[in-house]
1. Would you mind calculating the gained length between residue 66 and residue 17 on full extension (0.36 nm times residue separation, minus the Cα-Cα distance), in nm to one decimal?
2. Arrange the following residues from fewest to most other Cβ atoms within 10 Å of their Cβ: 40, 35.
3. When Rg is the radius of gyration of the Cα atoms in the stretch 3-173 and Rh is its Kirkwood radius, what does Rg/Rh come to?
4. Please give the FRET efficiency for residue 105 paired with residue 78, using the beta carbon to beta carbon distance and R0 = 30 Å, rounded to the nearest 0.05.
5. Under 14 Å from the Cβ of residue 139, count the other residues' Cβ atoms, weight Lys and Arg +1, Asp and Glu -1, and hand me the total.
6. Could you go through the stretch 109-118 in sequence order and give the Karplus-derived ³J(HN,Hα) for each residue, using 6.51 cos²θ - 1.76 cosθ + 1.60 with θ = phi - 60°, rounded to whole Hz, and x for Gly and Pro?
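No lab work stands behind these numbers, since they all come straight from the coordinates. Just so it is clear, the structure is predicted and the values come from calculations on it, not from any experiment. Every residue, glycine as well, gets a Cβ built from its backbone with ideal geometry; the counts of neighbours run over all protein chains shown.
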Amino acid sequence: MARLLDKYRQEIVPRLQEALGYKNPLAVPRLEKIVVSMGVGSAIQDPKKLEEAVQHLRTLSGQQPVITTAKRSISGFRLRKGMQIGCRVTLRGKRMYEFLDRLITLVLPRVRDFRGLNPKAFDGHGNYSLGLTEQLVFPEINPDHVRNVQGMNITIVTTARNDEEGFRLLSEFGMPFRKATERR
């Protein structure tokens, strides 16, 4: 069993149940999925960049990414509808908890000049999104084999009803949120 899943069942559910006033443990907010996506706009000129991004995403997520295509044409970017411009992967279950564990314990401390995550990046429904500027912060990726440094977006989808519940849930998991007094 994933370490964070065990922690959620044994420790987090009782604490959130008491703090949020839920009688039923199944009503407590939980993680639904984590979506990791990489937009590779430069793949229009060089398709090898997209192949490299897919390989890196496969390595750090443990499953095959889906290639995303442009929804409409934009002449200013020389983009046509249907062109391959990125990749994404949706993690659920055990892989989701293992990815979140690696994100919290290994990846975020390796980010250069990291001062904590912005607590205002919730979407109003308890879901949290963050961006990383390079894939090299993941220990699975060998820096010697990286030709193009690529950023990524990570969205954590929860069953929380509002941002307060989502913040409490992710704080219990150990997400390093920035304090309210620290301004950037």
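1. 14.0 nm
2. Final ranking by Cβ density, sparse to dense: 35, 40.
3. Working: Rg = 17.8 Å, Rh = 17.5 Å.
For the stretch 3-173, the value is 1.02.
4. Taking R0 as 30 Å, the efficiency between residue 105 and residue 78 is 0.15.
5. On the way: positive: 102, 110; negative: 98, 101, 134, 140, 144.
The answer is -3.
6. x, 8, 5, 5, 6, 7, 10, x, 7, 5
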